[in-house]
1. Tell me the residue from ALA170, ALA189, ALA205, ALA178 that is among the aliphatic types (A, V, I, L, M), within 16 Å of ligand 2 (Cβ to nearest atom) and open to solvent by less than 30 Å² (accessible area, probe 1.4 Å), please.
2. Test GLU142 against the stated conditions and say whether it is touching a strand residue (DSSP E or B) at 6+ places or on another chain (Cβ under 6 Å), at pLDDT 95 or above and among the charged types (D, E, K, R).
3. Scanning the range 1-28 for residues that are among the small types (Gly, Ala, Ser) and in contact with a helix residue (DSSP H, G or I) (Cβ under 6 Å, 6 or more places away or on another chain), which turns out least open to solvent (accessible area, probe 1.4 Å)?
4. I'm checking my understanding of the structure. Among residues of the range 105-127 that are open to solvent by 20 Å² or more (accessible area, probe 1.4 Å) and in a helix (DSSP H, G or I), which one is nearest to ligand 1 (Cβ to nearest atom)?
5. Mind listing whichever residues of the range 78-96 are over 22 Å from the mean Cα position of the chain (by Cα) and free of Cβ contacts under 8 Å to residues at least 40 places away in the same chain?
6. Any idea which residue in the range 288-316 is farthest from PHE212 (Cα to Cα), counting only those that are of a type in the set (Lys, Arg) and free of Cβ contacts under 8 Å to residues at least 12 places away in the same chain?
7. Can you tell me which residue in the range 43-74 is farthest from VAL156 (Cα to Cα), limited to those that are part of a helix (DSSP H, G or I) and β-branched (Val, Ile, Thr)?
8. How many residues does the range 298-339 hold that are crowded, with 18+ Cβ neighbours inside 10 Å and under 17 Å from GLU198 (Cα atoms)?
Amino acid sequence: MSFDFRMPTEIISGENAVKNNAARFALGKKCLIVTGKNSAKASGALDDVTAVLDSLGIGYTQYNKIMENPLVSVCYEGGKVAYEFGAEFIVAIGGGSPLDAAKSIASYAANRELSPLDIYTAQLKPSLPIIAIPTTAGTGSEVNYYSVMTLDGKNVKKTFKSTYSYPKYAILDPKYTASLGLNYTVSTALDAFCHCVESYLSPRATEISRMFAVMGAQKLYAALAKMAEVKDDANVLENLKPYRYELLTGSCAGGITINTAGTGSNHPLGYNLTLYYGVPHGRACGVFMEEYFEYNSRVTEGKQLIENFCRELGDEPKTVAANIKKWSAVDVKLTDDEIELYLNNVSGAGNYANSPYVINRDEMKEIYVRLFK
Ligand code: NAP
Ligand code: ZN
């Protein structure tokens, strides 16, 4: 038994948390703001941040080239921009893509001698400090050290992680997620739910990480059940408002729990659906939930953990898995050649070991065939 726990990020939450915590932005004279194309502005977070930086006399420039599933090359370029601008810290605003990218950018800026892929293996100097402001409620990137990037020209995701990558501050204000539409709101909630269940089953889990996993899963599962009734019409953003706080809190809890225990097989299996078919990350993970429960139930420990976890949600494992799959709503058909290629892409991932039952390549194939043939 052990309950080691590390969470170096300071979490600050609440309405107007950016403006109410202006003094925390005084981390240097110049700042790089890392964002995607539109969401930083659309969410209102960018205006709040620049107002705070202006009030403190801090110079800033925006690097807004972060696409979904960010490429290594784009993060590397961001590191160059940060360095040439003389940025002393980074403010990341967005979903998991800009938040993850910011961690690599912060490292590239501080380690200019590295070539792009060296970041995965080299001895690194400390990164620039990061303030992370999520505009989605899913990845929990604001409170962990993972930076998932896509290798250029390869359609393969590879996670960079360094103990220097924890954001210094995570600033959570649910209003920044209020502009996110139904599709991504549900998908990101499914991502966070997968973080909770996959980390709960992980052999690396501790009593404390499981406490966060349960807390997050309860909030997310309840919100997902209610959001299944929400129509994607003109009132959709208004109708989603009641769930934003619970989703953001649940997602943050998910980020904390995977920081200790990691994610399981749903994640690498899902990467192919995202990179080849554009299925949003959370849906691409959630679609595997029935198989994830089925394989892990083959061993006593896995069966027991799944039963315990679902008891906390007040539903039978069968119902939980079926609901998550239904809410994921993935409709993809794969050829034999695609399945072979996809297995090559992801069968070496480390995530599989994070489960009581470790699936092998033949079982990965069984899963793809069962779901997508
Ligand atoms: P995302 O890729 O960051 O963003 C998805 C889309 O949502 C983008 O088009 C984005 O627009 C838009 N968007 C974001 N916030 C919005 C808002 N408030 N209003 C309107 N549109 C908004 O989505 P994500 O699911 O949060 O992140 C997925 C990435 O995180 C993947 O690369 C995944 O591998 C990674 N991930 C990381 C961790 C971790 O622990 N670090 C965990 C799970 C997943 P813009 O392009 O304009 O920003
Ligand atoms: Zn995820």
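1. Of the residues listed, the single one that is among the aliphatic types (A, V, I, L, M), within 16 Å of ligand 2 (Cβ to nearest atom) and open to solvent by less than 30 Å² (accessible area, probe 1.4 Å) is ALA189.
2. So GLU142 passes the test.
3. Initially, the range 1-28 is screened for residues among the small types (Gly, Ala, Ser), giving 2, 13-14, 17, 22-23, 26, 28.
Checking which are in contact with a helix residue (DSSP H, G or I) (Cβ under 6 Å, 6 or more places away or on another chain) leaves us with 22, 26.
Working: ALA22: 25, ALA26: 65 Å².
Filtering the range 1-28 for residues that are among the small types (Gly, Ala, Ser) and in contact with a helix residue (DSSP H, G or I) (Cβ under 6 Å, 6 or more places away or on another chain), the one least open to solvent (accessible area, probe 1.4 Å) comes out as ALA22.
4. My answer is TYR120.
5. Hits for the range 78-96 are LYS80, TYR83, GLU84.
6. Step one: of the range 288-316, the residues of a type in the set (Lys, Arg) are 298, 303, 311.
From what's left, free of Cβ contacts under 8 Å to residues at least 12 places away in the same chain: 303, 311.
Values: LYS303: 20, ARG311: 15 Å.
By that ranking, first place goes to LYS303.
7. Once the filter is applied, the top-ranked residue is VAL52.
8. Total meeting the criteria: 13.
The values are calculated or read from the model by the stated rules, or taken from the named source; none is laboratory data. Since the model is a prediction, treat every value here as computed from it, not as a measurement. No Cβ is skipped: glycine too gets one built from the backbone with ideal geometry, and neighbour counts run over all protein chains shown. Heads up: the accessible areas ignore ligands, DNA and RNA and are worked out on the full protein's heavy atoms, side chains in. Shrake-Rupley method; radii C 1.70, N 1.55, O 1.52, S 1.80 Å.
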